[in-house]
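Taking it in order: structure first as structure tokens, then the write-up.
The values are calculated or read from the model by the stated rules, or taken from the named source; none is laboratory data. Only a predicted model underlies this, so the values are computations on that prediction, with no experimental measurement involved. Please note: Cβ atoms are built from the backbone with ideal geometry, for glycine as well, and neighbour counts cover all protein chains shown. These area figures cover heavy atoms from the full protein model, side chains too; ligands, DNA and RNA do not enter into them. Shrake-Rupley method; radii C 1.70, N 1.55, O 1.52, S 1.80 Å.
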Amino acid sequence: MSDVAAFVRRNCLIYFRDRSSVIFSLMGALIVILLYLIFLRNMLVDSIISSMPASFPYEEGAVKGMVDAWVLSGVIAIVSVTTTAGAFQTMVQDKVDGKYLDGLMTTMSPLKISVSYVLSTFVIGLIMSVITFITSVIFLIASGTEVSMTGILLTLVLTIPASLSSSMIVYTIVCKMRSAGAFTGMYTILSVLIGFLTGTYMPIGTMDTVMQNISTMVPATHMASLMHRTLGTESFDVVMGGAPLETYADVWNTMGYELTMFGYDFTPMMSILYVFGMTALFFVIAVLINRKNC
């Protein structure tokens with residue numbers, strides 16, 4: 001497996017040496033954060049406050065902390081998708097330049113080459129997700145948002161399956177692409193859609209039932225929901241802990257802390273199993289594609 005490790009190292013070095021590629025991979029998350037801070041933060045806070053009973057006590061600062069934790073946990077989930085997708089540019093460029101065919105002339109099999117691309121993008125996605133995670137946690141702590149050490153550590157652990165599933169799924173999508181233009185178009189569409197599908201640009205509970213079901217089919221949506229729970233439960237309870245049970249549950253579901261698909265309510269464990277199941281499914285699809293000499 002030394003040849004696979006060497007190829008993974010090569011792909012990672014190519015990615016991180018291209019500073020513009022690194023910056024653009026994070027650009028989607030940076031844009032979301034900037035748009036949130038400049039335009040959406042006050043709107044979301046006002047929307048939540050207006051939905052509360054008139055007699056319900058709250059502190060605006062605590063509500064902002066709750067919304068901050070909710071948005072930033074969603075951004076971490078988005079980055080796991082956008083950065084892994086951006087890292088596959090190396091594979092597409094190798095096909096454009098003919099380097100992919102050169103690799104097939106070595107002792108490495110097509111399967112090993114594919115595994116190397118997936119592993120390298122997983123490593124890249126994980127590194128970039130951890131960077132985003134650290135930045136988000138620092139912001140939340142600095143702003144006085146209530147977070148627990150357990151929640152922080154669990155969120156960090158969740159970046160692993162988030163990056164792995166994104167790497168496998170995106171690989172299956174881009175495997176047959178052999179032009180930079182096709183890849184750029186796919187990456188642009190994915191970067192825009194993933195924020196809506198994960199319920200980060202707008203709470204998933206505000207979508208209609210059809211869109212909620214479609215969004216919940218996406219593994220990244222489950223990762224975002226899990227991160228909402230791990231990183232945002234404490235700040236949520238600070239605001240909503242004294243609310244009537246019905247109000248608490250309504251806001252909890254609207255903001256995507258709990259997901260429902262075709263009437264089935266996902267528990268955290270079921271969400272994790274769903275993500276691993278979808279990752280395994282796309283792995284099988286990728287194997288079938290490799291057999292056709294993708």
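Tabulated data
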item	result
Inter-probe distance in nm under a simple model that places probes 7 Å from Cα toward Cβ, at ILE214 and ARG9	4.5 nm
GNM result for the chain, Cα springs below 10 Å: residue of ILE124, ILE33, ILE214 fluctuating most strongly	ILE214
Spin-label pair ASP237/ASP265, simplified geometry with 7 Å Cα→Cβ offset, distance in nm	1.8 nm
Proximal aspartates and glutamates to LYS112, defined as alpha-carbon separation beneath 17 angstrom and excluding residues fewer than eight positions away on the same chain	ASP3, ASP94, ASP102
For the chain, size of Cβ-based charge dipole, Lys and Arg +1, Asp and Glu -1, in debye	1520 debye
Relative contact order of the chain, defined on C-alpha pairs under 8 angstrom at six or more residues apart (%)	25 percent
Mean Cα-pair separation over length for region 179-294, i.e. relative contact order, pairs under 8 Å, 6 or more apart, %	27 percent
Three-way shape label, region 99-218, alpha-carbon gyration tensor, a/c 1.5	oblate
Inter-label distance for GLU60 and LEU273, nm, one decimal - labels placed 7 Å from Cα along Cα-to-Cβ	4.6 nm
Gyration tensor over alpha-carbon atoms, the chain, equivalent ellipsoid semi-axes in Å	38, 19, 16
Alpha carbon convex hull of region 233-294, projected area averaged over orientations, nm²	6.2 nm²
0 to 90° range, to nearest 10: angle between helix 245-254 axis and the chain longest Cα axis	30 degrees
Candidates VAL210, VAL275, VAL123: whichever shows maximal mean-square fluctuation once the chain is modelled as a Gaussian network with Cα springs under 10 Å	VAL210
Per residue, in Å², the accessible surface of region 155-294 once ligands and nucleic acids are set aside, probe 1.4 Å	45 Å²
Choice from ILE76, ILE131, ILE31 with maximal GNM fluctuation in the chain (Cα, 10 Å cutoff)	ILE31
Rounded to whole Å, sorted largest first: equivalent-ellipsoid semi-axes of region 130-192, Cα gyration tensor	33, 14, 7
Share of carbon and sulfur in the accessible heavy-atom surface of the chain [1.4 Å probe, %]	70 percent
Two-site FRET efficiency, SER50 against LEU153, from Cβ-Cβ distance with R₀ of 45 Å, rounded to 0.05	0.85
Zone of THR206's modelled label, taken as backbone nitrogen in region 76-94 under 19 Å from a point 7 Å along Cα→Cβ	76, 78
